[in-house]
Amino acid sequence: MTAHVTAPATAPADQLPGWATLVRAPNPGPMTLDGTNTWVLRASGERHGVLVDPGPLDDGHLDRLAEHGPYSLILVTHGHEDHVEAAPAAADRFGAQVRGLVETYQRWPDPVGDGTVLRAGGLEITVLATAGHTSDSACLLVGGPDGQRAVLTGDTILGRGTTVVAWPDGDLGDYLASLERLTAYDGLVALPGHGPALTDCAAAARFYLEHRRARLDQVRQVVARGVTDPAEVVAVVYADVDRSLWPAAQWSVRAQLAYLDQRESSGGVSGLDQR
């Protein structure tokens with residue numbers, strides 16, 4: 001039986017890059033852990049910074065973010081409300097444009113896409129399209145003038161436990177491919193959307209991949225016994241998980257069932273399945 005994961009996927013980071021400051025939103029809960037991580041990015045000596053994931057709409061949180069301003073750019077890692085609800089208010093208050101893969105914040109004719117390089121706050125920020133948790137999920141590869149690099153992972157990799165594939169918008173095949181992509185960033189600190197920073201983005205991605213494949217095998221075995229109702233699959237596969245998380249687990253199970261159905265329909269086995 002694959003155990004429910006509540007610990008960090010790899011060792012927590014002892015310190016953040018010098019250009020990164022964490023301002024945690026006051027919205028703790030089963031899905032948000034200690035709260036949404038809003039990241040303030042600014043190289044030493046720069047006046048304007050970059051704000052990543054303004055978080056929920058909370059006046060106190062916006063006040064704390066104002067203490068770290070001013071900002072020239074606001075970025076969002078995906079469109080879930082606990083990350084972007086405050087984006088319009090932050091844009092108005094700080095006079096900064098919001099950008100990301102979220103459709104609401106695409107700016108035409110110069111949209112952000114996979115590989116887009118943004119320069120702000122004295123930093124170089126490369127957008128990595130990492131669909132899976134949601135269709136609009138992105139990670140941000142950030143490099144500073146001091147040579148320090150890190151990956152802001154949004155909800156693709158969390159600082160503690162594992163994330164959900166938010167079906168039907170989320171897609172397991174996309175998520176596995178995104179985790180594979182993140183295994184390229186060995187030794188880079190991961191700055192997640194929830195939970196503590198992690199020492200090694202690639203190690204965390206590999207752990208997530210192993211866990212996802214094990215869960216997928218469990219679901220495959222349960223389906224082979226004739227259990228196909230998502231709620232019933234959750235009751236078997238996620239029996240060790242707190243029941244308050246079962247509704248979220250159903251999202252992942254529906255994504256797993258859709259993935260298995262697609263694989264069966266195509267008559268093939270992907271490399272992600274085989275490893």
Dipole check, the chain, charges on Cβ (K,R +1; D,E -1), about Cα centroid: among PRO56, VAL233, VAL142 the Cα furthest to the positive pole belongs to VAL142
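Around LEU16, what is the net charge, scoring Lys/Arg as +1 and Asp/Glu as -1 over all other residues with Cβ under 13 Å from its Cβ?
+1
What is the calculated FRET efficiency for TRP246 to ALA177, with r their C-beta to C-beta distance and R₀ = 35 Å, to the nearest 0.05? Write out the running numbers ahead of the final one.
Values: r = 27 Å, r/R0 = 0.76.
With a Förster radius of 35 Å, E is 0.85.
Is region 1-124 best put as rounded, prolate or oblate by its Cα gyration tensor, with a ≥ b ≥ c the root eigenvalues, rounded for a/c under 1.5, and otherwise prolate when a/b is larger than b/c, oblate when not?
Numbers: a/c = 1.44, a/b = 1.38, b/c = 1.05.
Note, shape of region 1-124 comes out rounded.
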Going by alpha carbons, how many degrees (0 to 90, nearest 10) lie between the helix axis of 172-182 and the longest principal axis of the chain? 50
Rounded if a/c is under 1.5, else prolate if a/b is larger than b/c, else oblate: which is region 160-206, with a ≥ b ≥ c the root eigenvalues of its Cα gyration tensor? oblate
Relative contact order of the chain, please, whole-number percent, based on alpha carbon pairs below 8 angstrom and at least 6 residues apart. 17
Against the longest principal axis of the chain, how steep is helix 246-266, in degrees 0 to 90 to the nearest 10, with axes from Cα atoms? 70
For region 221-271 and region 84-159, compute the distance between their C-alpha centroids and round to whole Å. 31
What is the dipole size for region 60-184, taken about its Cα centre, with +1 at each Lys and Arg Cβ and -1 at each Asp and Glu Cβ, in debye to the nearest 20? 380
Value of [θ]222 nm, deg cm²/dmol, for the chain, DSSP H segments ≥ 4, -39500 (n - 2.57) each, nearest 500: -9500 deg cm²/dmol
Between the Cα axis of helix 201-224 and the main Cα principal axis of the chain, the angle (0 to 90°, nearest 10) is 30
Rounded, prolate or oblate: which fits region 1-60 when a ≥ b ≥ c are the square roots of the eigenvalues of the alpha-carbon gyration tensor, with rounded for a/c under 1.5 and prolate only if a/b beats b/c? oblate
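Within the set of other residues whose C-beta is less than 14 Å from the C-beta of HIS194, count the net charge using Lys and Arg as +1 and Asp and Glu as -1. Mind showing how you got there, number by number?
Values: positive: ARG24, ARG160; negative: ASP34, ASP53, GLU81, ASP82, ASP155.
So the environment of HIS194 carries a net charge of -3.
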In whole percent, how big is the carbon plus sulfur part of the accessible area of the chain, probe 1.4 Å, protein atoms only? 50
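Around ALA87, under 12 Å between beta carbons, what's the net of Lys plus Arg minus Asp minus Glu among the other residues? Numbers along the way, then the final one.
Values: positive: ARG93, ARG99; negative: ASP53, GLU81, ASP82, GLU85, ASP92.
Net local charge, ALA87 excluded: -3.
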Kirkwood Rh in Å, taken over all unlike Cα pairs in the chain: 19.0
What order, most packed first, do the peptides 76-82, 25-31 have when packing is the mean number of other Cβ atoms within 10 Å of each residue? 76-82, 25-31
Could you tell me the calculated FRET efficiency between GLN15 and ARG263, based on Cβ-Cβ distance and R0 = 35 angstrom, to the nearest 0.05? 0.25
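Scaled to the compact-protein estimate 2.2 N^0.38 Å, what is the alpha-carbon radius of gyration of region 158-264, rounded to two decimal places? If you can, show how the numbers build up before the last one.
Numbers: Rg = 14.3 Å, N = 107, 2.2 N^0.38 = 13.0 Å.
Taking the Cα Rg and dividing by 2.2 N^0.38 Å, one obtains 1.10.
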Taking the Cα centroid of region 37-63 and of region 189-215, what is the distance between the two, rounded to the nearest whole Å? 23
Per residue, how much accessible area does the chain have with a 1.4 Å probe, in Å²? 42
With springs connecting C-alpha atoms under 10 Å apart, model the chain as a Gaussian network and identify which of HIS133, HIS83, HIS61 has the largest mean-square fluctuation. HIS61
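Roughly how big is region 150-275's charge dipole about its Cα centre, with Cβ charges of +1 (Lys, Arg) and -1 (Asp, Glu), in debye to the nearest 20?
Working: 12 positive and 16 negative charges, 36 e Å.
For this selection, approximately 180 debye.
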Karplus 3J(HN,Hα) series, Hz, for region 71-76 with 6.51 cos²θ - 1.76 cosθ + 1.60 (x for Gly, Pro): 10, 9, 7, 10, 10, 10
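The values are calculated or read from the model by the stated rules, or taken from the named source; none is laboratory data. Treat the numbers as computed from the prediction; the structure is a model and nothing was measured. Cβ atoms come from the backbone with ideal geometry, glycine included; neighbour counts cover every protein chain shown. Ligands, DNA and RNA are stripped out before the accessible areas are found, and what is left, the full protein with its side chains, is counted by its heavy atoms. Shrake-Rupley method; radii C 1.70, N 1.55, O 1.52, S 1.80 Å.
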